[in-house]
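The values are calculated or read from the model by the stated rules, or taken from the named source; none is laboratory data. Computed from a predicted model, the values in this text were never measured in an experiment. All Cβ positions, glycine included, derive from the backbone under ideal geometry; neighbour counts span all protein chains shown.
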Amino acid sequence: MDVRYLQSLIAVVDHGSIADAARAEGLTAAAISQRIQALERQLGFELLSRAGHAARASDACLGLLPRARRIVREVELLASDADPAGLKGSLRIGAISTALTGMLPAALRTLAQQAPGILPAIVPGTSRALYQAVQAGELDAAILVAPPFELPRLMRAVTLRREGLLLLSKKKLRISAAKLPALLASQPYIRYDPASWGGRHAQRYLDDQGVTPQVLFDLDALEAITMLVGDGVGISLVPDWPGLERLAQDCSMTPVKGEAYAREIILLSHQQNERPNMLNALSAAMGGAFVPD
């Protein structure tokens with residue numbers, strides 16, 4: 001059995017369609033379909049049920065999927081097993097959107113120079129989804145907002161940075177801290193989704209100030225919020241992430257005092273990861289201090 005066929009099956013299940021899996025794998029939809037059909041002939045049962053453009057795993061497929069993931073993962077680890085330094089092979093890294101455009105590019109350049117044998121595979125997602133993926137062993141590490149609960153003992157977190165809260169407004173005006181609550185209460189407000197792990201800090205400030213803003217809508221997409229503020233749609237409270245200034249050239253950024261409102265960005269991994277040296281190299285490239293046991 002060709003392990004690449006299993007990879008394609010997993011991609012279809014994870015992406016929900018053959019077309020999306022083909023784009024992710026860099027193949028044609030026909031090639032993905034042929035791989036799935038070859039697996040079905042070899043195994044003797046249907047793996048996918050197709051409805052329109054969607055493709056869902058059959059019950060039989062769901063039963064074998066955990067083992068298929070383990071097989072693919074073990075094959076990926078072969079290269080690192082042959083490398084005494086443990087710095088060769090793929091490294092699956094999850095990242096929230098602001099890390100993708102802010103912290104990660106420079107870190108990947110450093111990683112490519114210092115450990116060229118590492119092949120990073122970058123997976124975007126929300127903090128909650130990335131946390132679950134690390135916990136399930138689907139990612140080696142993830143850059144995300146620190147969760148609002150104590151981490152299990154099997155998880156390890158390295159703090160990468162703390163991002164203070166800012167008031168983002170359209171006009172280039174100097175706004176005093178004393179005027180922030182009144183401004184937030186009087187202007188249309190684009191809310192950093194309070195249900196997200198990062199958005200809870202902005203909501204805490206509003207609650208502490210007793211402010212009930214005129215909420216236009218909730219968004220867990222800081223780049224989109226910044227562009228909307230720049231277009232004059234409303235104001236918002238956002239963290240000061242790397243790369244914000246490039247997007248907020250038409251905005252005024254007023255710092256909000258209070259360490260309690262800062263967003264903590266962490267590098268999350270398992271305590272007993274199969275690639276500790278790779279994680280050490282990644283953390284060092286990002287300015288962290290991961291030290292394997």
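Only one entry in Glu264, Glu245 is under 24 Å from Arg109 (Cα atoms), surrounded by fewer than 17 Cβ atoms within 10 Å (Cβ to Cβ) and not basic (Lys, Arg), namely Glu245. Within the stretch 1-30, residues that are of a type in the set (S, T, N, Q) sit with their Cβ atoms under 8 Å from residues that are not in a helix (DSSP H, G or I), at 6+ positions apart or across chains, in these pairs: Ser8/Leu27; Ser17/His53; Ser17/Ala54; Ser17/Ala55.
So that you can scan it fast, the table gives a plain yes or no per residue for (1) assigned by TED's automatic domain parsing to the domain that holds Tyr205; (2) more than 17 Å from Leu219 (Cβ to Cβ); (3) not charged (D, E, K, R):
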{"position": "Leu237", "(1), (2), (3)": "yes, no, yes"}
{"position": "Trp241", "(1), (2), (3)": "yes, no, yes"}
{"position": "Leu244", "(1), (2), (3)": "yes, no, yes"}
{"position": "Val256", "(1), (2), (3)": "yes, yes, yes"}
{"position": "Ser269", "(1), (2), (3)": "no, yes, yes"}
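The set of residues in the stretch 174-190 being in contact with a strand residue (DSSP E or B) (Cβ under 6 Å, 6 or more places away or on another chain) and either surrounded by fewer than 21 Cβ atoms within 10 Å (Cβ to Cβ) or more than 18 Å from Trp241 (Cα to Cα) (or both) consists of Ile175, Leu180, Gln187, Pro188, Tyr189.
The numbered conditions (1) of a type in the set (D, E, K, R); (2) loosely packed, with under 15 Cβ neighbours inside 10 Å; (3) closer than 28 Å to Val211 by Cβ are all true for Lys170 except (2).
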